[in-house]
Amino acid sequence: MAEEMKKYLHDLMNSTEDVLGIIITDRDGVPILKVAGEEAPELAMRPNFISTFSMATDQAGKLGMGKNHKMVCVYGNYQVVHFNKLPMVVTVIATNTANTGLLMDMDKEISALVSQLTHVVDI
């Protein structure tokens, strides 16, 4: 089952232009599933980078605007989109020229996989 899920993520990564990697982690940044191309930045794939989303989303939730569902971070050469699927977090890493709207729409395609994964992995 894990190989099928990994293949699904790999196909999704390859079908969306300029996506370099997709990582599904627990709240602390521990990888559960990860697919990445050779161009994916190693630093962005590390748990300590991914775990900062949890802290940032907790702080954003204190603004009184409700629960944070997505976060987009744009850097010099890359952009990172985080999806809040607690108890899991999905991180999509792409080039800075990727279509951000398409990256955010990946949420719909990944939701079913995360739902299945939540039932399989006891977090």
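The values are calculated or read from the model by the stated rules, or taken from the named source; none is laboratory data. Note that the structure is predicted; figures quoted are calculated from it, not measured. When we count neighbours, we look across all protein chains shown, and the Cβ atoms used for this are built from the backbone with ideal geometry, even at glycine. Ligands, DNA and RNA are excluded from the accessible area calculation, which covers all protein heavy atoms including side chains. Shrake-Rupley method; radii C 1.70, N 1.55, O 1.52, S 1.80 Å.
Key figures
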{"item": "Test: residue 6 is surrounded by 14 or more Cβ atoms within 10 Å (Cβ to Cβ), within 11 Å of the chain's Cα centre (by Cα) and of a type in the set (Lys, Arg)", "result": "no"}
{"item": "Tally, over segment 98-111, of residues that are among the β-branched types (Val, Ile, Thr) and under 14 Å from residue 80 (Cβ atoms)", "result": "1"}
{"item": "Qualifying positions in segment 27-54 - open to solvent by less than 60 Å² (accessible area, probe 1.4 Å) and touching a residue at least 60 places away in the same chain (Cβ under 8 Å)", "result": "29, 32, 33"}
{"item": "Segment 101-111, subset among the aliphatic types (A, V, I, L, M) and open to solvent by 10 Å² or more (accessible area, probe 1.4 Å), residue nearest to the chain's Cα centre (by Cα)", "result": "104"}
{"item": "Of the criteria (1) touching a helix residue (DSSP H, G or I) at 6+ places or on another chain (Cβ under 9 Å); (2) assigned to a loop (DSSP other than H, G, I, E, B); (3) of a type outside the set (S, T, N, Q), which one residue 39 fails", "result": "(1)"}
{"item": "Residue match in segment 12-22 (condition: in a helix (DSSP H, G or I) and in contact (Cβ under 8 Å) with a residue 40 or more places away in the chain)", "result": "yes"}
{"item": "Residue 98 assigned to a helix (DSSP H, G or I) and surrounded by 15 or more Cβ atoms within 10 Å (Cβ to Cβ)", "result": "no"}
{"item": "Every residue from segment 58-95 that is touching a Lys or Arg at 6+ places or on another chain (Cβ under 8 Å) and open to solvent by less than 70 Å² (accessible area, probe 1.4 Å)", "result": "61, 81, 82, 83, 84, 87, 88, 89"}
